[in-house]
Amino acid sequence: MGFFGVSFSIRGLRWVRLVGVAGLALAIGLPCGLDAQTRPKKKPVARSGKASAKKAPTRKGGVKAGHKPAGNAAAEAASAKASAQSARLTSAFVASAQLRPMAQQLSSTRSSAAYSGVLGYAQAHTGEASATAYLALGHSYTLDHRYGDAVEAYKLAGVRGDVLDDYADYLGAQSAVQAGRGSDAYGLLDHFADRHPDSIFVNNAPVLLANAYLQQQNPAGAVKVLTPLIGSAQADHPDFEYTLGRAYQLSGDRSHAIPLFRAIFVGQPLTPEAAQARTQLLAMGAPPSAAERKIHADQLFNAKHYSEAMAEYNAVRNDSSLSVADKDALEIYTAVCQLKLKHLGRRDVEKLPVTNDDSAALKLYLFAEISRTEKNRTEHDDIINRMVKEHPQSRWLEEALYSGGNMYLLTHDAPQAIFHYKLLVERFPNSVYAPSAHWRAAWLNYRLRNYSEAARLMDEQILRYSAGIEAPTALYWRGRIYEDEERNFGQAVNYYRALSDAYSNYYYGELARQRIAVLGKQAATPPSNVLSYVRKLQVPPLTGAVPENDPHYIKAKLLANAALNEYIGPEIQASPTANQWGALAQAQIYASYGEYTRALQSMKHSGISFFTLPFGQVPVEYWRLMFPQPYWQEIVADAQKNGLDPYLVASLIRQESEFNPGAVSPAHAYGLMQLLPSVGKENARREGMKGFQTNMLLNPATNIDLGTRNLKSVLDRFGGQPEYALAAYNAGDVPVRQWMALGNYKDVAEYVESIPYTETREYVQAILRNREMYRALYPTH
């Protein structure tokens, strides 16, 4: 969402928009064209920690005559060192293997019995096994805010073993600072990088050390630690900037402190440091200006933090330096937050002031949204026409056009929806809404059987928005027009092949291969120039073999034994070759102790576009982690009892809960198959189950039993057609029957693409895709 329509790229990842107001800009110096970038919130590996106070190793040098060249000798020495480290880590992993279930239980429950069990293990063992147990204790003490106990546990971890010394040192120092004993952290963090050069905490240790100095009233020490790092990548992190700002502030150096705090407040509003920076600016008598607070609020709005944005807009309005026009504009911005929070009515909008800047367009947008809610199409269209005439380039016209198109899409008025979507694309071709709006115009033309216009728009979709999620859909349906309407079977096959090659395991990739099979061998046809624009996503080379001797990998497994789960991923990624195997290794570690949900999520969040590759080009180990089989016996038994496809059941569970038996949705759906209590109760009655209670739905066996019965019932209501049943499972029976009643679908794929709820459409497509993946991975014999 945005106010002024300024668009820019954040580190090449996505598009966002900032807010701006001409009137406010003139009065308080806010530039109309905002060019400051908002950095996404960074999550550092850790904010503080403890380093062991062991003496830094003495470096020895000198090469005797006749020895191998220094480069080879150095490489061999490094290799030998890595091998020795791997051997020590492996020994520690084996020694502490029995600790893992105890530590994992402690981390999740932190009960007295769990603490006693891990403490008993630590005391009964020696060496690395004991050290790992004390790390687990320190971690759980920290989670329970028992920082003094954590300090002592980490200290014992450092004494008992040494392969995880960087964790004992860093996390121990963190606990010391949190306990108010910052001086205890000095020795643990001083020269941390020299003692632990390969640690994932190397970049964070200086910030923690600086915080320890600040806590002990030594800002000069903090400045001395941080200033050499200015200009480094670490210096861009908000925790570094804030700590340095505090060091300058406490040193009396306002000229350096104030700009740092202002930069955080304005440029990184979603970080915890932003609020802290504001506090320090107020304490220094240099509060953020109205313009800075406006930018801060704008970015909160863009991030959909509407309550916080509204509070900030209201606060800025109280600035006595603002003109009446500025305050009027801010009142309207407050109102749009209320709209997003569903706290705004027509009377509220009617009471808003009249303005002559871009906030006037925003007020019209609010009226358009109210008229949409009231289903007053005539007023809505009049407002759109007025916005086109009076505010042709306003960001709020863009918002209103997309909202209006969606309104007409949901009410099945295709011509009006097309009008809104096409106008949006024409006036705002670079809008974040443009790819979606363009595709919807193309699809609605297809549904109206305006095939020539649909074909033109589909090709244009591929040309203009090849990176969009709509590209595979456009390829498929353009191929269908070639096949069904133009009878150009060769070109249809070209489109289907391009789709299958670039999006192999997408929903439409499978449909494309089905069409190729139907068409059979066709005479070669020169491919359309449009197909040269099809973007094939790059996937790093993947290996199914994890380097068992990689120190970071072994260390990650050892961390799992201590239940330091949040550090497993960062530790693996510290390996220089992790891009080839890191995602696999992390997921395998989770899966090895039954954390299938976490394993699946880690694969999903790896950033690897697995589904663009043919099935056989991805090592099967990846697929099995992405499509696991927990509870498979129960799934097969209950599916067979109800006449269901077990692959479909597993696919639905994967989509609904990611195999988390304890999942509870905001809509109060429970367990693996996400059953509402009322649905569970009804199916329990039909099953003859006595004494049903809602929490029984968190039992995997019960949930699958009742869930498969429910799925069978839904399928029966829709003639056994999975596409209709899955849509109903997600959206309910009534909308699905309304969509079915529209009729005139050539086939079920056209019905699926016509589902107007994006969530439901993607849900159906994902489950059908999942089913094919399960069938390929686990064929029946």
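Bear in mind that the values in this text are calculations on the coordinates, not laboratory data. None of the values given here were measured: they were computed from a predicted structure. All Cβ positions, even for glycine, are placed from backbone atoms using ideal geometry, and neighbour counts span all protein chains on display.
Can you find, among Ala545, Ala400, Ala311, the residue farthest towards the positive end of the dipole of the chain? Put +1 on the C-beta of Lys and Arg, -1 on that of Asp and Glu.
About the Cα centre, the residue reaching furthest to the positive side is Ala545.
Under 1.5 on a/c is rounded, so check that first for the stretch 272-320, then, if it is not, pick prolate when a/b is larger than b/c and oblate when it is not; a ≥ b ≥ c are the square roots of the alpha carbon gyration tensor eigenvalues.
It comes out oblate by the Cα gyration axes.
Kindly provide the Kirkwood hydrodynamic radius of the stretch 102-188 in Å, to one decimal, from all pairs of distinct alpha carbon atoms.
Kirkwood radius, the stretch 102-188: 12.4 Å.
Translational D (Stokes-Einstein, µm²/s) of the stretch 157-237 at 37 °C and 0.692 mPa s when Rh comes from the Kirkwood sum over C-alpha pairs?
D, rounded to a whole number, is 256 µm²/s.
Just check the stretch 396-450 against the gyration tensor rule for me: Cα atoms, a ≥ b ≥ c as the square roots of the eigenvalues, rounded for a/c under 1.5, and otherwise prolate or oblate depending on whether a/b exceeds b/c.
Because a/c hits 1.5 or more and a/b fails to exceed b/c, the stretch 396-450 counts as oblate.
Mind checking the stretch 70-150 for trypsin sites (Lys or Arg not before Pro) that DSSP puts in a loop (not H, G, I, E or B) and that have at most 15 other Cβ atoms within 10 Å?
Taking the stretch 70-150 and a limit of 15 other Cβ atoms within 10 Å, the loop trypsin sites (Lys or Arg not before Pro) found are Arg110.
In the stretch 422-470, if the dipole is taken from +1 on Lys/Arg beta carbons and -1 on Asp/Glu beta carbons about the Cα centre, which of Ser431, Ala441, Leu463 is farthest to the positive end?
Result: Ala441.
Calculate log10 I(q)/I(0) of the stretch 79-236 for q = 0.09, 0.12, 0.19 Å⁻¹, where I(q) comes from the Debye formula with a single equal point scatterer on each Cα and nothing for solvent.
Treating every Cα as an identical point scatterer, log10 I(q)/I(0) equals -0.32, -0.56, -1.14.
Could you tell me the extents of the stretch 341-386's C-alpha atoms along the three principal axes, largest first, rounded to whole Å?
27, 26, 16
For the chain, what does the relative contact order come out to in percent, with C-alpha contacts under 8 Å and a separation of six or more?
This gives 9 percent for the chain.
The list (1) 2, 11, 16, 20, 22, 17, 9, 2, 0, 0; (2) 3, 12, 19, 20, 17, 12, 8, 4, 2, 1, 0, 0; (3) 2, 10, 13, 12, 11, 10, 9, 8, 7, 6, 4, 3, 2, 1, 0, 0 gives values of P(r) over Cα pairs in 10 Å bins from 0, in percent, and only one came from this structure; which label was calculated from it?
The listed entry that was calculated here is (1).
So for Arg246, Arg456, fewest C-beta neighbours within 10 Å to most, what's the order?
Arg456, Arg246
Along Cα→Cβ, 7 Å out, is where each label goes; now give me the distance between the ones at Tyr778 and Asp194 in nm to one decimal.
5.5 nm
Please state the charge dipole magnitude for the stretch 79-236, taken about the Cα centre, from unit charges on C-beta atoms (+1 on K and R, -1 on D and E), reported in debye and rounded to the nearest 20.
My answer is approximately 200 debye.
Give me the dipole magnitude in Debye, nearest 20, for the chain about the Cα centre, with unit charges on the beta carbon: positive for Lys and Arg, negative for Asp and Glu.
The calculation lands at about 800 debye.
For the stretch 370-507, just list the percent of Cα-Cα distances falling in each 10 Å bin from zero outward, please.
Pairs per bin, as whole percents: 12, 38, 30, 14, 5.
Give me the aspartates and glutamates in straight-line cross-link reach of Lys557: C-alpha distance below 17 Å, same-chain residues under 8 apart excluded.
Glu128, Asp162, Asp165, Asp166, Asp198, Glu548, Glu566, Glu571, Glu595
Checking the table Lys342/Lys604; Lys604/Lys712; Lys342/Lys363; Lys422/Lys604; Lys327/Lys363 against a 24 Å threshold on Cα-Cα, which pairs fail?
Lys342/Lys604; Lys604/Lys712; Lys422/Lys604
For the stretch 295-401, what does the alpha-carbon gyration tensor say about shape, rounded, prolate or oblate, given a ≥ b ≥ c as the root eigenvalues, a/c under 1.5 as rounded, and a/b over b/c as prolate?
prolate
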